[in-house]
Amino acid sequence: MSRKLSRTKQFKTFMQKIVFLHILIFILRNFYYLIEKLVKKDKRIALFFLTEKYYYDNSKYLFEYMREKDDFKSVLFTANKSLYRTLEAKFPNQVVYALSLKGLWLFLRTRNVIISYGISAAPFFPYYLSGKCKYVIYLGHGTPMKKMGLQTEVWQKYGKRYQLQKYSFMAACSPLEQELHKAGFAMNIDDVWISGLPRNDYLLSAPKDEALIAKHPYLNQKVILYAPTWREETQSAEFFPFQDFDAEQLDAFLEKEQAYILLRGHKEDIKRADELNRFDVSKMKRVMKADQDLFPDVYELLPYVDVLLTDYSSIWIDYLLLDKPIIYIPYDLEEYLRTKGLFLEFEKNTPGYKAANFSEFQTQLETYLSNPSEHANWRKEIRDMYHTHQDGNSAERVYHLIKELNQ
């Protein structure tokens with residue numbers, strides 16, 4: 001009886017929080033709408049919302065392109081004090097601390113807000129982004145193969161869909177992604193630009209970074225990056241989820257190949273105290289962590305990667321631009337399909353080996369290290385499906401589209 005009462009109380013508390021959140025969002029929407037209507041907008045300001053604690057991804061690469069243009073005053077906007085100090089030293093007078101009067105005034109008079117992360121109003125508190133007052137331009141942080149936004153169950157629960165941030169325009173890499181964004185965010189298809197993503201320009205023309213190599217000398221050898229996706233509905237990903245996994249054998253194999261495996265857990269999964277964090281690399285000589293604290297921007301690391309290991313992470317879609325091998329480890333595919341879902345049939349649309357056990361994995365890895373052109377035609381087929389533009393000019397296209405909005 002007491003357990004039933006406890007569950008009832010928990011449910012009531014949960015519903016009270018939901019109601020309070022909706023009331024707060026309603027108040028914020030109307031408050032900012034009224035205030036912004038009174039403030040004249042400057043269409044020559046491009047405000048880059050940095051909602052993470054690191055400086056990376058599409059916002060980084062588009063900002064660094066647009067800051068050189070005379071058409072816009074490009075400004076980085078962050079509520080993270082440490083990140084603000086770091087960026088202010090690098091880009092003097094081009095960074096604003098969001099939680100300040102200067103930040104509020106800049107926000108109110110800005111026409112163009114550009115973001116890469118954040119699909120709800122919550123990450124922008126106390127600000128609310130209204131498409132009635134601003135151009136909210138979403139660059140995204142991954143070409144999706146999984147369902148997202150309104151296509152997922154989580155955004156259909158308890159009216160949560162009304163918390164979903166509305167975007168004015170979105171960047172995409174292909175007509176396929178254009179359709180996915182349209183479905184996931186209830187967009188007008190003409191407002192989803194097939195421009196390509198600015199960060200991919202770097203992959204297609206990345207210079208050799210001697211400072212990065214000096215800091216991480218193993219980048220001069222063969223590099224294998226293991227980067228699984230975030231499982232928000234279930235437990236975190238497992239590294240090497242094989243019953244026959246042998247750490248000593250793997251180390252010996254990597255020694256023979258003069259290779260290293262770098263483990264990069266998803267930034268959201270790193271916050272969890274589960275299998276992903278508990279994987280012990282201390283006794284392994286050639287397997288090491290490569291999380292965001294070591295490599296804040298994974299796109300600076302990708303050009304050094306010879307083979308990518310992943311599951312359903314969108315990182316492999318951008319990695320296709322480098323035409324290098326990919327091994328998929330979809331050990332929980334059925335559960336993932338049930339809880340998250342994929343837009344496309346997995347086996348057919350993932351151009352690489354699928355490892356079901358450690359013995360297979362080692363053989364597949366050895367094949368790819370000795371013959372990187374294996375499955376090259378399959379990779380090209382899928383690459384062309386996902387990437388309409390492969391010319392390194394995506395930032396320029398996005399810039400011109402934003403410029404046209406403000407003519």
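Screening the range 51-159 for helices (runs of 4 or more DSSP H) wholly inside it with 3 or more residues that are surrounded by fewer than 20 Cβ atoms within 10 Å (Cβ to Cβ) returns the ranges 81-90, 101-109.
Name the single residue that is nearest to D332 (Cα to Cα) among those in the range 223-264 being surrounded by 19 or more Cβ atoms within 10 Å (Cβ to Cβ) and basic (K, R). Filtering the range 223-264 for residues that are surrounded by 19 or more Cβ atoms within 10 Å (Cβ to Cβ) and basic (K, R), the one nearest to D332 (Cα to Cα) comes out as R231. Only one of the listed residues (S314, S282) is within 18 Å of Q390 (Cβ to Cβ) and of a type in the set (G, A, S). That residue is S314. Right, S394: touching a residue at least 60 places away in the same chain (Cβ under 8 Å), out of contact with any His (no Cβ under 9 Å at 6 or more places or on another chain) and among the hydroxyl-bearing types (S, T, Y) or not? Yes; evaluated as a whole, the condition is true for this residue.
For the range 357-369, the criterion of a residue being polar (S, T, N, Q), in contact (Cβ under 8 Å) with a residue 40 or more places away in the chain, assigned by TED's automatic domain parsing to the domain that holds A227 and part of a loop (DSSP other than H, G, I, E, B) is satisfied by at least one position. Can you find a residue in the range 178-189 that is outside any helix (DSSP H, G or I) and touching a Ser or Thr at 6+ places or on another chain (Cβ under 8 Å)? Looking for residues that are outside any helix (DSSP H, G or I) and touching a Ser or Thr at 6+ places or on another chain (Cβ under 8 Å), one finds none in the range 178-189, hence no.
Condition check ((1) in contact with an Asp or Glu (Cβ under 6 Å, 6 or more places away or on another chain); (2) within 23 Å of A211 (Cβ to Cβ); (3) in contact (Cβ under 8 Å) with a residue 24 or more places away in the chain) across all residues:
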| site | (1), (2), (3) |
| --- | --- |
| V307 | no, no, yes |
| T310 | no, no, yes |
| L322 | no, yes, yes |
| I327 | no, no, yes |
| Y331 | no, no, yes |
| E334 | no, no, no |
| R338 | no, no, no |
| G341 | no, no, yes |
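Quick check, is K37 closer than 28 Å to M187 by Cα, more than 25 Å from the chain's Cα centre (by Cα) and touching a residue at least 24 places away in the same chain (Cβ under 8 Å)? Here the answer is yes, as K37 does meet what is asked. With respect to (1) touching a residue at least 12 places away in the same chain (Cβ under 8 Å); (2) exposed (fewer than 15 other Cβ atoms within 10 Å of the Cβ); (3) assigned by TED's automatic domain parsing to the domain that holds Y260, the lone exception for A186 is condition (3). Let me confirm something: among L321, L337, L401, L344, which residue is aliphatic (A, V, I, L, M), assigned to a helix (DSSP H, G or I), assigned by TED's automatic domain parsing to the domain that holds A259 and out of contact with any helix residue (DSSP H, G or I) (no Cβ under 6 Å at 6 or more places or on another chain)? The conditions single out L337. Consider W230 against the criteria (1) touching a Leu at 6+ places or on another chain (Cβ under 9 Å); (2) modelled with pLDDT under 95; (3) under 28 Å from D201 (Cα atoms): it satisfies all of them except one. Which criterion is unmet? In the conditions (1) touching a Leu at 6+ places or on another chain (Cβ under 9 Å); (2) modelled with pLDDT under 95; (3) under 28 Å from D201 (Cα atoms), W230 misses (1) alone.
Just to be sure before I move on: is T78 under 22 Å from P198 (Cα atoms) and of a type in the set (S, T, N, Q) in the structure I sent? So T78 passes the test. If you go through the range 350-387 and keep only what is under 30 Å from W193 (Cα atoms), surrounded by fewer than 16 Cβ atoms within 10 Å (Cβ to Cβ) and not acidic (D, E), you end up with A376, N377, W378, K380.
The values are calculated or read from the model by the stated rules, or taken from the named source; none is laboratory data. Bear in mind the structure is a predicted one, so any value in this text is a computation, not a measurement. Ideal geometry is used to build each Cβ from the backbone, glycine not excepted, and the neighbour counts take in all protein chains shown.
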